[in-house]
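The values are calculated or read from the model by the stated rules, or taken from the named source; none is laboratory data. Treat the numbers as computed from the prediction; the structure is a model and nothing was measured. Glycine gets a Cβ as well: all are built from the backbone with ideal geometry, and neighbour counts include every protein chain shown.
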């Protein structure tokens, strides 16, 4: 298997991972660090449509260092040292990689997890032809196509190319939810261009697994936050996450309550978010109830989650519900939008609300922030029966998808 880690390399400098970063890292750890019996994996990068093989030892050291850095275990690893780990050892040019692959009984599978360069049809065609490779892709969502108001016009056009190429060139497609699978099936019927091969690719639903945030130490002398109740929202600050709703709600709480709860906004600033950023800065300046945490490790997030009244997920649309699943996995209640992916992952555990109904959100927040909240206690009771998505189950689906891909024959 040729596992494309190009995006992971480009994101390693960040203090903490996004949802797609977590997926990239989990695959790199599973296939390149831990290894899977009977399936040898090579780390590759895609430079202008051409693959280069990374030295296995260098890739392993790099992946372990990135994982430690994002967990918060090794904040002192400099970027220079991090990338020096990657560049050590002998890399393979395309022709060397192809020669190495000829020693295996089956042609390789090229696996792309992050949409990286999937808009480039010529690149996918070249990789299929040159390595005799089957192609397996991971499709996260169709949001830029379905909700173009949340992205730049160029992003919508790029995503149309991505989804079209996934449909045309993939031998199998992994998706993060049944919701994404349904939307992809609907799109396939109108995908432009001829299909490479006789049949549409098999689609496999593989919920993203959850690795729990580290729990903070507890015991005598452990410092605690002040007693003011607080809520947390985790995710990139961008329009579809619907921070605007919460900021409007908090503006109302600041005027109606003598001691309103606080809101901790965890996530990097994304795109088309000028209004969100302006409201965040004004909220922090005027009433001090909103805190923004842009660059935090998993250990820091675990500490912030520990005493939260609930995690808030008011998104207008998502392909999956990773913050929801992570919060429930950590034993923290969730208040979220009533949208299909959240119902799919959360079952009957979270509180589901209309993502446009500010009054409903305000009332629910007041109920959850109340001392000894009965509503919060009821969700915690429901949470006892919830099954967390696991990476073991995820990679079981991936294994079946890879095994089901037919060999394509010798390279050209």
Task: Which numbered condition residue 166 fails, given (1) surrounded by fewer than 22 Cβ atoms within 10 Å (Cβ to Cβ); (2) at pLDDT 90 or above; (3) not in a loop (DSSP other than H, G, I, E, B) - done: (1)
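Conditions tested, residue by residue: (1) touching a strand residue (DSSP E or B) at 6+ places or on another chain (Cβ under 6 Å); (2) under 20 Å from residue 211 (Cβ atoms).
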site	(1), (2)
311	yes, yes
314	yes, no
326	no, yes
329	no, yes
334	yes, yes
348	no, no
356	no, no
375	no, no
Open item on the list: I'm told residue 338 meets every condition in (1) closer than 21 Å to residue 181 by Cα; (2) out of contact with any strand residue (DSSP E or B) (no Cβ under 7 Å at 6 or more places or on another chain) except one. Can you identify the failing condition by its number?
Closed with: (2)
Open item on the list: Just the residues that are over 23 Å from residue 22 (Cβ atoms) and either in a helix (DSSP H, G or I) or not assigned by TED's automatic domain parsing to the domain that holds residue 16 (or both), please, taken from segment 66-105.
Closed with: 80, 84, 87, 94, 95, 96, 97, 98, 99, 100, 101
Open item on the list: Take residue 253 and tell me if it is part of a loop (DSSP other than H, G, I, E, B), more than 18 Å from residue 234 (Cα to Cα) and in contact (Cβ under 8 Å) with a residue 40 or more places away in the chain.
Closed with: no
- [ ] Among the numbered conditions (1) surrounded by fewer than 21 Cβ atoms within 10 Å (Cβ to Cβ); (2) touching a residue at least 24 places away in the same chain (Cβ under 8 Å), tell me where residue 365 comes up short.
- [x] (1)
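Quick grid of which residues meet (1) over 30 Å from residue 207 (Cβ atoms); (2) buried (at least 20 other Cβ atoms within 10 Å of the Cβ); (3) under 25 Å from the mean Cα position of the chain (by Cα); (4) at pLDDT 90 or above:
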| residue | (1), (2), (3), (4) |
| --- | --- |
| 2 | no, yes, yes, yes |
| 30 | no, no, yes, yes |
| 34 | no, no, yes, yes |
| 43 | no, yes, yes, yes |
| 50 | yes, no, no, yes |
| 58 | yes, no, yes, yes |
| 80 | yes, no, no, no |
| 96 | yes, no, no, yes |
| 100 | yes, no, no, yes |
Open item on the list: Return the residues of segment 7-26 that are surrounded by 20 or more Cβ atoms within 10 Å (Cβ to Cβ) and either out of contact with any helix residue (DSSP H, G or I) (no Cβ under 8 Å at 6 or more places or on another chain) or not assigned by TED's automatic domain parsing to the domain that holds residue 120 (or both); say none if nothing qualifies.
Closed with: 23
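May I ask you to verify whether residue 176 is at pLDDT below 95 and out of contact with any strand residue (DSSP E or B) (no Cβ under 6 Å at 6 or more places or on another chain)?
Against the criterion (at pLDDT below 95 and out of contact with any strand residue (DSSP E or B) (no Cβ under 6 Å at 6 or more places or on another chain)), residue 176 does not qualify.
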Open item on the list: Name the residue that is surrounded by the most Cβ atoms within 10 Å (Cβ to Cβ), counting only residues in segment 60-78 that are in contact with a helix residue (DSSP H, G or I) (Cβ under 6 Å, 6 or more places away or on another chain) and within 23 Å of residue 110 (Cβ to Cβ).
Closed with: 62
- [ ] Name every residue in segment 265-288 that is crowded, with 20+ Cβ neighbours inside 10 Å and not in a helix (DSSP H, G or I), in order of residue number.
- [x] 265, 266, 267
